[in-house]
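**Q** Here it is, the structure in full.
Bear in mind these aren't lab numbers, they're just calculated from the coordinates by the rules spelled out. In this text the structure is predicted, and so the values were computed from the model without any measurement. Heads up, the Cβs are rebuilt from the backbone with ideal geometry, glycines too, and the neighbour counts pull from every protein chain shown.
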Number of protein chains: 2
Amino acid sequence: MNAVNNIVFFEAASKVLKALGHPERLKIIELLQTGEQTVGRIQQGIGLSQPVTSQHLRFMQNNNILASRKEGTSTYYSLASDMIRKLLECMNSCRLDLETGEMQMKDIFPESKRSKHE
Amino acid sequence: MNAVNNIVFFEAASKVLKALGHPERLKIIELLQTGEQTVGRIQQGIGLSQPVTSQHLRFMQNNNILASRKEGTSTYYSLASDMIRKLLECMNSCRLDLETGEMQMKDIFPESKRSKHE
DNA sequence: CACCAATATAGCAATTCTCATATATATGTC
DNA sequence: GACATATATATGAGAATTGCTATATTGGTG
């Protein structure tokens, strides 16, 4: 693993993280954990409008978080990579730690005040 | 774990992920894996200007990714939570999978074309 | 072909990010 | 107090993100 590959990795990984960094998108990802879903079902599942749902899906597909396949008039979206699955596992493990009290909500939820520029 | 907590979790987690979703910030986080560092050292380590470095650090602190303490004229930043450490572990594990060929770069790096709206 | 259902895209306004430059603050030393 | 060092903040410009409304596309059915 050389420096160049490191840079590539950071670039790639940060895109993935950024694409995950939106509450609705995170919900979508969770939804897809159990398998592929159509746009319609995803939309129902998270309660967003159809265009916004589509936009999030496209965004995630462009960042290689999701893959899709068409069947008739439907499009099925699914998790695209092992990395996503690993990250999801990690998130779920954290959520479990919260439930068991092993981790505190304050450990991940900022109560900090923001200045204008964050 | 009820619905409300889920929402809180998604909100919190997505902020964390978003704050991690920037190549330079990811580098900073990696740098801090081995322990706290001053702003100066971090700046050297990643090669950014002092103000930009400070801004990234503030952003991450506001999103509870980092903690800081002052000593003399220096400020030491460090990883703020177990969640971050877990996510870091996960990322490093993925990087290892890349090295061993267990995972392919294409699994996390998008080659997809972008439309105007991503 | 007309029409419907499912999904995608365009275009726009508001907000947020990111980086750069300039300036401020705080601490330590002489 | 004058000054240097380390860090933070203000501010502004350009880009990216987000969600909305309207419209387009595509496949299936009669």
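**Q** Whole-Hz Karplus ³J(HN,Hα) for segment A:86-98, in order, using 6.51 cos²θ - 1.76 cosθ + 1.60 and θ = phi - 60°, x for Gly and Pro?
**A** For segment A:86-98, the Karplus-derived couplings read 5, 4, 4, 3, 4, 4, 5, 4, 5, 5, 5, 4, 5 Hz, x marking Gly and Pro.
**Q** How far is helix A:50-62 tilted, in degrees, relative to the longest principal axis of the Cα atoms in chain A, given as a value from 0 to 90 rounded to the nearest 10?
**A** 70 degrees
**Q** Let me ask something else about it. Placing the label point 7 Å from Cα along the Cα-to-Cβ direction, what are the distances from A:SER68 to the equivalent spots in the other copies, shortest first, in nm to one decimal?
**A** Output for A:SER68: 4.2 nm, nearest copy listed first.
**Q** Per residue of B:28-38, count partner chain C-beta atoms within 10 Å of its C-beta, then hand back the mean as an integer.
**A** On the way: counts 0, 1, 2, 0, 0, 0, 0, 0, 0, 0, 0.
Neighbouring Cβ atoms belonging to other protein chains average 0 per residue here.
**Q** Per residue of the protein assembly as shown, what 222 nm ellipticity follows from adding -39500 (n - 2.57) for every DSSP H run with n ≥ 4, rounded to the nearest 500? Spell out each step's value before the answer.
**A** Details: 10 runs with 132 residues, N = 236.
When only DSSP H runs of four or more count, the value is -18000 deg cm²/dmol.
**Q** Oh, and also: Within 10 Å of each Cβ in peptide B:5-13, how many partner chain Cβ atoms are there on average? Round it to a whole number, please.
**A** Numbers: counts 4, 3, 2, 4, 10, 9, 3, 9, 9.
Shielding by partners across B:5-13 averages 6.
**Q** Would you mind working out the magnitude of the charge dipole of chain B relative to its Cα centre, with +1 at each Lys and Arg C-beta and -1 at each Asp and Glu C-beta, to the nearest 20 Debye? Walk me through the numbers on the way to the answer.
**A** Numbers: 15 positive and 13 negative charges, 97 e Å.
For chain B, the charge dipole is close to 460 debye.
**Q** Place the label 7 angstrom along Cα→C-beta at B:ARG41 and in each other copy, then list the distances from the first to the rest in nm, shortest first.
**A** Values, ascending and in nm: 5.0.
**Q** Taking the Cα centre of chain B as the origin and placing charges on Cβ (Lys, Arg +1; Asp, Glu -1), which of B:GLN50, B:ASN6, B:ALA67 is farthest toward the positive end of the dipole?
**A** Result: B:GLN50.
**Q** Okay, next question. Set the Förster distance to 22 Å, then compute FRET efficiency between A:ASN92 and B:LEU96 from the Cβ-Cβ distance, nearest 0.05. Please report the intermediate quantities before stating the final value.
**A** Values: r = 21 Å, r/R0 = 0.94.
Efficiency for this residue pair is about 0.60.
**Q** How long is the gain from A:VAL8 to A:SER74 if the chain were fully straight, where each residue apart is worth 0.36 nm and the alpha carbon distance is subtracted? Don't skip to the end; give the middle numbers.
**A** On the way: separation 66, 0.36 × 66 = 23.76 nm, distance 3.46 nm.
Extra length from A:VAL8 to A:SER74 when fully extended: 20.3 nm.
**Q** What are the distances, in nm and sorted shortest first, from the label point of A:THR100 to the label points of the same position in each other copy, with each label point placed 7 Å from Cα along the Cα-to-Cβ direction?
**A** Label-point distances to the other copies, shortest first: 2.4 nm.
**Q** Using Cα atoms only, what is the angle between the long axis of helix A:3-20 and the major principal axis of chain A, expressed in degrees (0 to 90) to the nearest 10?
**A** 70 degrees
**Q** Exceeding 27 Å between C-alpha atoms, which entries from my cross-link table qualify? They are A:LYS70/B:LYS15; A:LYS70/B:LYS27; A:LYS15/B:LYS86; A:LYS18/B:LYS86; A:LYS15/B:LYS70.
**A** On the way: A:LYS70/B:LYS15 32 Å; A:LYS70/B:LYS27 38 Å; A:LYS15/B:LYS86 19 Å; A:LYS18/B:LYS86 17 Å; A:LYS15/B:LYS70 32 Å.
Pairs exceeding the cut-off: A:LYS70/B:LYS15; A:LYS70/B:LYS27; A:LYS15/B:LYS70.
**Q** Same structure again: Normalising by the residue count of chain B, find the relative contact order in percent from Cα pairs under 8 Å and 6+ residues apart. Mind dumping the intermediate values first?
**A** Values: 83 pairs, mean separation 24.3, N = 118.
In percent, rounded to a whole number, it is 21.
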